[in-house]
1. Please count how many residues of segment A:28-63 are part of a helix (DSSP H, G or I), facing chain B (nearest Cβ under 10 Å) and under 18 Å from the mean Cα position of the chain (by Cα).
2. Residues B:LYS126, B:LYS153, B:LYS148, B:LYS116: which one is basic (Lys, Arg) and within 10 Å of the chain's Cα centre (by Cα)?
3. Does segment B:42-55 contain at least one residue that is of a type in the set (A, V, I, L, M, F, W, C) and outside any helix (DSSP H, G or I)?
4. Tell me which residues, restricted to segment A:1-26, are within 12 Å of the ligand (Cβ to nearest atom) and part of a helix (DSSP H, G or I).
5. Which condition does B:VAL42 not pass, out of (1) outside the structural domain of B:SER143 (by TED's automatic domain parsing); (2) modelled with pLDDT under 80, if it passes all the others?
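The values are calculated or read from the model by the stated rules, or taken from the named source; none is laboratory data. Here the structure is a predicted model, which is why all the values come from computation and not from measurement. FYI the Cβ positions are ideal-geometry reconstructions off the backbone, even for glycines, and counts take in every protein chain you see.
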Amino acid sequence: MKCDEYQEQLSALIDNELADQESELLFTHLSECAACRATLRSELELRANLKEDVPPLAPRELDEKVLSTMSKAEGQLDARRVMRRGVWQRNVSMRWPLAAAIAGLFLIGGLAVTSVWSPCNKPAEPQVRIVYITALPIVEVHGYFP
Amino acid sequence: MIDGGQSFVHVYHRYKHRVYAYCYRLLRHPQNAEDAAQETFVKIHRSLDQLENAASLQAWIFSIARNEAFTILRRLRPMEELETETENVWDEENPLEKVVQKERAGIVQHCLGLLKPMYRELLILKEYEQLSYAEISQVTGASESAVKSGLFKARRAMRKKLESILKERDEI
Ligand SMILES: [Zn+2]
């Protein structure tokens, strides 16, 4: 085999795409051929130089363009997602306004409870927060697919 | 592979930067890259069902991105044979003038931009996206042996060009 053919194999070798048997023959040749060793070094150097390039990031506008286009077909998507959800989730699912209303009730209820029970009528912030956190998952579960 | 619970939005966020970078590196133009990436995801969204059966998710995604990028290239260069293998891998000649002052990695990028799109694409898919030859073959429609020899030709040309540019630069 000529050096040119070995050099084509070098390219496959650095891509990890060379069969074991071919690799063995190539390594034997490399041990005897300075020109092909130099090519291997230069291939690896080229790879390192290419890798120095920082990949450009997708602009934010792409999010808006893609995701807004998608929301037009949202009805279709919603149907698929409902199919994929667990039974319990499907059975208790409800619309956003209803979920928000229930969360609001929890919150108001929590405030009422804390104002009745807290001593000295001080604003009991930590307790309110606890009620709020308890109510949150309900909003998240039921309002998960806007 | 995609499972039933994975949504389009998940795929979008996982691949948006890679798809954009691939389009950008291939087209070398931010707005064209954005258009190609946008169209790619619109197509992906339309074909979610196929997505679930794709042998390689990333190859499937890049094959769609490739179609979009090449559609733009064909529009920009209607007279050119963009996908025919040629002996000459260079898109333009004589990059020397512009690259004299740049660092080595900068020169490499410049040379990459001067490769014909089909050779440039092979290097992008291999070096940056790290696709296997089988996946690149799936993306480009070329055989695996054509991918192998194309990569070899692109790299050899890049090495030689780089060598000559660096030599010129050092002589200046
Ligand atoms: Zn040799």
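1. Going through segment A:28-63 one residue at a time, the tally reaches 2.
2. On inspection, the qualifying residue turns out to be B:LYS126.
3. So far as segment B:42-55 goes, yes, one or more of its residues are of a type in the set (A, V, I, L, M, F, W, C) and outside any helix (DSSP H, G or I).
4. Passing the criteria: A:CYS3, A:ASP4, A:GLU5, A:TYR6, A:GLN7, A:GLU8, A:GLN9, A:LEU10, A:LEU25, A:LEU26.
5. So the condition that B:VAL42 fails would be (2).
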